[in-house]
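First comes the structure, then the notes that go with it.
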Amino acid sequence: MGVVIWILQLMVIGVFIYFLSGRLMGTKLNLAKRIFSAVLSVVLTTFVFWYSYFRHTNYQEQDVIQQVSNISTLIWIGSMLLISMLLYLIFELFDPKQADDFTQGHENVLLRIRSNYYRKRRMAQVFRIAFKQGIGKALQYKRSYENDRYIAIVLRNILEETGGIFIKFGQVLSTRKDILPKAYIEEFAKLQQNVKPMPTSEVLNILTREIGQDPHDYFKYFSDVPIAAGSIGQVHRAQLRDTNEEVVVKILRSDVTRIMNKDLDILLHFAMWLEEESTWAENLGFLQLATGFANSLREEINFDIERRNMEQITNALKESGHQVHIPKVYPALSNRKILVMEYIKGVSIVQADHLMRQHQIDPQQVLSSVYAAFLEQLLVAGVFHADPHPGNIYVMEHNGAPAFLDFGAVGRIGPLQNRGLRTLLIGIARNDTKIMAQGLENLVIEGNLKNRAMLEQDLSQLLISIQYMDKISTETLVQRLFDIMKSHELKLYPMVSVALRALITIDGTLSSVDPHYDIFNEAKRFAIENKEDLAQAVSMAELKTTAVQEMILLLPQLKDMPRRIDQIFQNFERGEMKVKMDVFAEEKNAGFVSHWLSLLILLTVAVTFGIISVALLAIAQFINGMYAIYLNTASFVGLFLSAVILVRLSVQALRYSKRI
């Protein structure tokens, strides 16, 4: 019976250590590691104290009050706490990212345990597949053309066998010609995902659950056979009961959010491990690619976002005058798992010759409308269709007008990058490298072109290579531009890369209708019509008026200029020249300094506690009586607090170093 009570007491202490150490450390470790730290600290300290002390005393025969008031108990529990915290520190040291970075963190304990079990099992499966396909050998290779081909094949096989969102990730990577070498693009393009459609009963159950009543109360007709089925959802034709309007119903697959979030978590951890173990994965930015993919996919599985995308682009094109149709959405029947929108009866733009002839519409007019609408989205509104392939651009049967479909992938660029893109396109159209470099300056993350003269020289070679050609290939041009940026170690904003890939996609779509269609001439014409090409749109009289107005505004500063110059020379002669640098002007720098300053203050407090405690402990050796006991107690408490602060500081420093 005594052994059972002893075990129960240890369990209570273990729970206490678990919660207290977690609160003291502020750790974000997952549940399993926190439990393991608490259990291991209790087991280790109990064994050591029992072997070295408790077995030689009558500790087990004492009652609870005597045990709690015993100084040995306090030392024992304090040791448990310190060891538990040190184990936390070790886990933080070898844990590249905390679990909360990739999971929602709002589940209860039982769900977290089940989720953690699934994650570990799935992670083990992914690594088993990876090593079976030869990732261990690939990690040893350095970057070269031959090695790139081998590594690309290994990665493609891993993604293909792992399945699910891993295949979708590979398909997305096959479009990243701005970052990945040709070997990777070719291999990832081979990935195919065969998805079985959901059964009709499951579709009807989802509709009933989400709409709140029988779907037939809303739909006069609902097709059992889907028009299209993908890994995220599937699309069915239907007819509204009230208005008899033809619609399509896009339905999110059951449990897709839960499954994808877990698989995305696995993908991110795998990408992180890959970057840590190999320089080629780090050079390719594999983790950044996986993170970007995860963020976009999380948006894609929320149909509320797609509905807002359609609303934004519809409003952006409303006043433009471009004859391009955006499907109508029915918000009352739509939510994050269901999207009901107008059915577009027509065919893909690459198969629409007969419709355009039937309605006596010039194909060039349709292509110009589609491209102008896309440029309106990209260069004016800043919200654009990010995947304008032939399957997403239709020609409507009843009037021959073009329509954009599927707004799950939509890009957004800010005003600065928007202006940079316009400037870059104008520079290409005008054959001016200085304008192109100016545009690039707004498109790169650092925004600082170190060797501008050499960059302009490389850009001039690019322009020479496309001169005197009947048609400029967007894919070739953008790829050459990416190569120049890589050689100058310039990095585009992620959404700018999306915009350039969308330009390549729409060029391919329009060229498949008319191989001679030149999107750069159309871009130049669009810029002039929208008064973006200042050299063409502004008259000399307007330029003169603007210059005079600016000069008038500058007159006060110009009048004061001689006095300021004289003052500068006087200060220089007296040796009183001063240079003022505001390190804290940037929020990032201020945050960096303030963070490490706060850690330094805490370190000072911890060291001070430690020094004072050691001094008190030394003094206590020369004192007899009760004062010695008080001093020893205060010394050990101070040393304990010092140790707690130091371990907490170590964890905070490690966590911060992972974020910068």
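The values are calculated or read from the model by the stated rules, or taken from the named source; none is laboratory data. Not measured: the values here are computed from a predicted model. Neighbour counts are summed over all protein chains in view; Cβ atoms, including those assigned to glycine, are modelled from backbone coordinates with ideal geometry. Quick note on the areas: whole protein, heavy atoms, side chains included, nothing else; ligands and nucleic acids left out. Shrake-Rupley method; radii C 1.70, N 1.55, O 1.52, S 1.80 Å.
A residue that is under 31 Å from the mean Cα position of the chain (by Cα), within 29 Å of Tyr517 (Cβ to Cβ) and small (Gly, Ala, Ser) cannot be found anywhere in segment 443-458. The set of residues from segment 6-32 being at pLDDT below 75 and over 23 Å from Phe640 (Cβ atoms) comprises Trp6, Lys28, Asn30, Leu31, Ala32. Answer with yes or no whether Ala332 is open to solvent by less than 60 Å² (accessible area, probe 1.4 Å), outside any loop (DSSP other than H, G, I, E, B), among the small types (Gly, Ala, Ser) and closer than 30 Å to Ile206 by Cα. No, not satisfied. Every condition in (1) of a type in the set (A, V, I, L, M, F, W, C); (2) free of Cβ contacts under 8 Å to residues at least 24 places away in the same chain; (3) open to solvent by less than 40 Å² (accessible area, probe 1.4 Å) holds for Met310 except the one numbered (2).
Inside segment 335-358, residues that are crowded, with 21+ Cβ neighbours inside 10 Å and basic (Lys, Arg) make up a count of 1. If I filter segment 251-262 for residues that are open to solvent by less than 60 Å² (accessible area, probe 1.4 Å) and more than 30 Å from Val126 (Cα to Cα), do I get at least one hit? Looking for residues that are open to solvent by less than 60 Å² (accessible area, probe 1.4 Å) and more than 30 Å from Val126 (Cα to Cα), one finds none in segment 251-262, hence no. Within segment 479-520, the residues that satisfy the criterion of being charged (D, E, K, R), modelled with pLDDT under 80 and either closer than 20 Å to Pro390 by Cα or in a helix (DSSP H, G or I) (or both) are Lys486, Asp518. Within the bounds of segment 236-249, is there any residue that is touching a residue at least 60 places away in the same chain (Cβ under 8 Å), under 27 Å from the mean Cα position of the chain (by Cα) and open to solvent by 60 Å² or more (accessible area, probe 1.4 Å)? No; the residues of segment 236-249 include none that is touching a residue at least 60 places away in the same chain (Cβ under 8 Å), under 27 Å from the mean Cα position of the chain (by Cα) and open to solvent by 60 Å² or more (accessible area, probe 1.4 Å). Residues in segment 201-221 that are acidic (Asp, Glu) and either at pLDDT below 80 or surrounded by 16 or more Cβ atoms within 10 Å (Cβ to Cβ) (or both): 1 in all. Taking the criterion of being polar (S, T, N, Q) and open to solvent by less than 20 Å² (accessible area, probe 1.4 Å), the only residue of segment 224-235 that qualifies is Gln234.
Quick grid of which residues meet (1) touching a strand residue (DSSP E or B) at 6+ places or on another chain (Cβ under 6 Å); (2) over 30 Å from Val444 (Cα atoms); (3) at pLDDT below 75; (4) among the hydrophobic types (A, V, I, L, M, F, W, C):
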position	(1), (2), (3), (4)
Ala124	no, yes, no, yes
Ile129	no, yes, no, yes
Tyr145	no, no, yes, no
Arg149	no, no, no, no
Ile158	no, yes, no, yes
Gly164	no, yes, yes, no
Ile179	no, no, yes, yes
Pro199	no, yes, no, no
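Provide a single number: the residues in segment 508-520 that are open to solvent by 10 Å² or more (accessible area, probe 1.4 Å) and either among the basic types (Lys, Arg) or within 23 Å of Ile413 (Cα to Cα) (or both).
2
Filtered by the rule that a residue be open to solvent by less than 10 Å² (accessible area, probe 1.4 Å) and over 20 Å from Ser174 (Cβ atoms), segment 277-300 gives a lone residue, Ser278. Taken together, the criteria place Thr476 among residues that are part of a helix (DSSP H, G or I), open to solvent by 80 Å² or more (accessible area, probe 1.4 Å) and at pLDDT 75 or above.
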